[in-house]
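Report on the structure given below.
The values are calculated or read from the model by the stated rules, or taken from the named source; none is laboratory data. Quick caveat, the model's predicted, so the values are computed rather than measured. Positions of Cβ are backbone-derived with ideal geometry, glycine not excepted, and every protein chain shown enters the neighbour counts.
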């Protein structure tokens, strides 16, 4: 019961968070994919991770864990790295014996839309998304690990005092 | 008792003078003609008499070629060879940089083509040999090669793709090790 009081619901914080989180995530996606402006995969991933941190701050860690479970976390973390390295592997396979690892122009898409556009597409839509996914999942995972630990310590201390 | 402040003062003065000494050599920010931004002097100076006509005709004089190869810019050291027919020379006019560009044929798989390598600067009666630095190629070619207007993203994900892959792997490894170290509960 004491824990519920401690992390009681606050209408102001919840409403503001509910308003802000979609825009933060959209901005994170823009930073991650928009190669015209400043930013990149690392920064965009961190911005999206910040939106999850805001969610947990407003709605409590149990609900946050339920909406972003560990299984998804692990899947995103691995998928991002696999996407990036997989593009490199694809380039090796399609360049047939030249072994052009991570040379995106080797993908056969470049026969249709040209070398330069293929590289732009791969950079903006595959590589940066992969980096962003890994960074986002890694930071959310770090945050949840630290937050869980603190909560359990507080619970133990509270029990001892009572 | 008084030793500590005196030592601190001396070290502050030493560090300050070192800072001033280092900062004096740093070029003004954004100056496109400063050596680190534009090109590197190879310290090869040679008298210009008679060589200009040869350069204008598109032939690198033998004296210049031997001087360049003497400092180790040879084919054995993986620098482009300066045999006849493997380079082109273009006259360059501009404020503070009159001279000739030596363009080298690059035999890359997806982007073969001419690339600026040496710059022979005309300075009074002497010719000085410079080498173009990599950021010049980066600035001039990245939008053409990747249709990405952001130079930093293009470099991060393409020219330095291996580095970024490694960085992502480092973040992944850090997250996994934090899971192993901090997670005390059996569930999740």
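At least 2 residues that are within 14 Å of another protein chain (Cβ to nearest Cβ) and more than 23 Å from residue A:85 (Cβ to Cβ) in each: list the helices (runs of 4 or more DSSP H) lying fully within segment B:59-174 that qualify. If you could, list the steps in order and put the result at the bottom.
Details: elements: B:62-70, B:134-146, B:151-154.
The qualifying helices (runs of 4 or more DSSP H) are B:134-146.
Within segment B:92-115, take every residue that is in contact with a helix residue (DSSP H, G or I) (Cβ under 7 Å, 6 or more places away or on another chain) and closer than 20 Å to residue B:42 by Cβ and give me the one that is modelled with the highest pLDDT. Break it down into steps so the answer makes sense when it comes.
Filtering segment B:92-115 down to residues in contact with a helix residue (DSSP H, G or I) (Cβ under 7 Å, 6 or more places away or on another chain) leaves B:100, B:110-111, B:115.
From what is left, the residues that are closer than 20 Å to residue B:42 by Cβ are B:100, B:115.
Numbers: B:100: 87, B:115: 83.
By that ranking, first place goes to B:100.
Okay, residues lined up against (1) within 10 Å of another protein chain (Cβ to nearest Cβ); (2) buried (at least 20 other Cβ atoms within 10 Å of the Cβ); (3) at pLDDT 90 or above:
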position	(1), (2), (3)
A:120	yes, yes, no
A:135	yes, yes, yes
A:146	yes, no, no
A:151	no, no, no
A:160	no, no, no
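Residues that are in contact (Cβ under 8 Å) with a residue 24 or more places away in the chain and within 25 Å of residue B:144 (Cβ to Cβ): which helices (runs of 4 or more DSSP H) entirely in segment A:17-132 hold 1 or more of them?
A:41-59, A:70-94, A:115-122
A quick yes/no check of all residues on (1) surrounded by fewer than 16 Cβ atoms within 10 Å (Cβ to Cβ); (2) closer than 17 Å to residue B:163 by Cβ; (3) under 28 Å from the mean Cα position of the chain (by Cα):
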| position | (1), (2), (3) |
| --- | --- |
| A:74 | yes, no, yes |
| A:80 | no, yes, yes |
| A:84 | no, yes, yes |
| A:97 | yes, no, no |
| A:104 | no, yes, yes |
| A:124 | no, no, yes |
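For residue B:55, only one of the following conditions fails: (1) touching a residue at least 40 places away in the same chain (Cβ under 8 Å); (2) within 15 Å of residue B:122 (Cβ to Cβ); (3) surrounded by fewer than 17 Cβ atoms within 10 Å (Cβ to Cβ). What is its number?
Only one criterion in (1) touching a residue at least 40 places away in the same chain (Cβ under 8 Å); (2) within 15 Å of residue B:122 (Cβ to Cβ); (3) surrounded by fewer than 17 Cβ atoms within 10 Å (Cβ to Cβ) is unmet by residue B:55, namely (3).
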